[in-house]
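Below: one structure, written as structure tokens.
Just so you know, all these numbers are worked out from the coordinates, no wet-lab data involved. This structure is a prediction, so every number in the text was calculated from the model and none was measured. Here Cβ is always computed from backbone atoms with ideal geometry, including for glycine, and neighbour counts include all displayed protein chains.
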Amino acid sequence: MSKEHDSGDSIRPPDDSLTSYFDDLLGGEDLLAQSFSTLQERPMPVAASSGGARVISLPTKKTAEDKPKKNTLRAEPAPKTLKPISTFAEPAALQTLEQKRQLEKLLQSARAQLLVDAAITTQVSTEAKPAFVNDPNEIQDWVIEIPVIEAPPIAEISDALDEQPAQVAQFQIDGLEWLDNGRPQWAQSRFDVLLFKVSGLTLAVPLISLGQIQPLTDELTPLFGQADWFMGLQPTPAGKIRTVNTAKFVMPERYDPSFVETAKYVMSINGVPWGLAVDSVNQPITLMPEDVKWRSDRGKRPWLAGTVKEHMCALLDIPRIGQMLIEADKNFLPA
Amino acid sequence: MATDAAKNKSSDDPVLQWVTFRLDGETYGINVMQVQEVLRYSEIAPVPGAPSYVLGIINLRGNVVTVIDTRHRFNLSSGDITDNTRIVIIETDRHVIGILVDSVAEVVYLRQSEIEMAPNVGNEESAKFIQGVCHKNNELLILIDLNKLLTSEEWSELEDV
């Protein structure tokens, strides 16, 4: 139970020792994020002005796969000694009005091609030369080959662009949002959490996001070809729960393989067919938002909402975990 | 009227027969229409230079049949040959191959509606072999799509074996 609370929404001073304790315990890897990170980024052609030349860069399959994070598709800053060799190089000074008009026409056709590329999202494979360089001072003296694609009528392009949001429309579970006060939607006022243990670590989950707790039985069936944090399917009266190896998931560096034997229950997540395997379930407690040291940067382990000093436990953002799990499932079909 | 209703129901929700077999402690099912016969284990002649998932070949009444190492194909640990070990001769498209399994269990009848989609998390190619799962007789059946067991390139490789 929470005891004393700061008044209002005041934020506690950072407790570095607690943070480093959990950082150390939970490790640096994010297995789930790794397992579906390849699905996240899709290269798109980019146009950018740089210095005196207008350069259109097309991604090659090689660059998109080799460095998906750092080599996000962008034009490198133009080196000082860059030779304007691209077919889209724009001369610094225009001779006549007629030349200017012709150049404008050429640029418009280039923009139309760019829209077509974005609309049809075709993988363009070019020569093995890298589209981007790591060293901004390196001279790019190679010619960019633009594939010739017949531009469809503008109406068709517009239709294709309109259809894109429908294609990427994703299933979203409730309670995902974090508000401006740095807390998730489900923790705006007093909330209940359930404490449980996984390989000796105490974790807390908000009760509002929990489905049910079922015992793990011999019927837990592993499936081949899955990520190592997937324990298997546990048949229950309420359906088959896709069971996550919670120990492997939250602290891969300190993973103890005996967890597979010690795990006794699976806690299902409300709204998704997934659940977390746990060793034991403790009593529920009530927390005030001020009891939690909320994480401000959740880029690394987005499923970790914060830490609770009073109970020395990590608070899981269960809606976020549920969302990550369904996004990781390539067979998932939104209802 | 009642007969018509029953007919409509059966056409909407057909009953399929699946041959079940055991592999590394789990039960798998394959469509009975693709099973030609089940053989006791007999010596499999290894083929030099064959892909790693190929155990070798057997002589089936004068025909050479390639036998696949199913455990290897499913990324499971290797197992021992026992009295229950069987070679299931299956037919996919135009090809006939054998798959080595720990034992063959039974034929079960499953309604299409009973089959659920299995998750596919991770980056293993073998996950695509799973067509679905079904809870039957207090155990979970993992249903295998034999048509995806090998790619067209791998079928070509097998023809060279």
Which order do peptides B:58-70, A:264-276, B:74-86, B:95-107 fall in by mean Cβ count within 10 Å, highest first? A:264-276, B:95-107, B:58-70, B:74-86
Of the listed peptides A:205-215, A:178-188, what is their order by residue-averaged count of other C-beta atoms within 10 Å, with the highest listed first? A:205-215, A:178-188
Report the net charge of residues surrounding B:Asn137, where surrounding means a beta-carbon distance below 13 angstrom and charges are Lys +1, Arg +1, Asp -1, Glu -1. -3
Say the cut-off is 22 Å between C-alpha atoms; which of A:Lys248/B:Lys136; A:Lys197/A:Lys309; A:Lys264/B:Lys128; A:Lys197/A:Lys264; A:Lys330/B:Lys148 go over it? A:Lys248/B:Lys136; A:Lys264/B:Lys128
Per residue of B:132-144, count partner chain C-beta atoms within 10 Å of its C-beta, then hand back the mean as an integer. 3
Report the local net charge at A:Lys330: Lys and Arg +1, Asp and Glu -1, summed over other residues whose C-beta lies under 12 Å from its C-beta. -3
Neighbourhood charge, 13 Å Cβ-Cβ cut-off, centred on B:Pro119 and excluding it, Lys, Arg +1 and Asp, Glu -1: 0
Peptide A:226-233: average number of partner chain Cβ atoms within 10 Å per residue? 5
Amide H within-cut-off set for A:Asn331, under 5 Å, with H built and near neighbours excluded: B:Asn120
Shielding by partners - mean other protein chain Cβ count within 10 Å, residues of B:122-130: 6
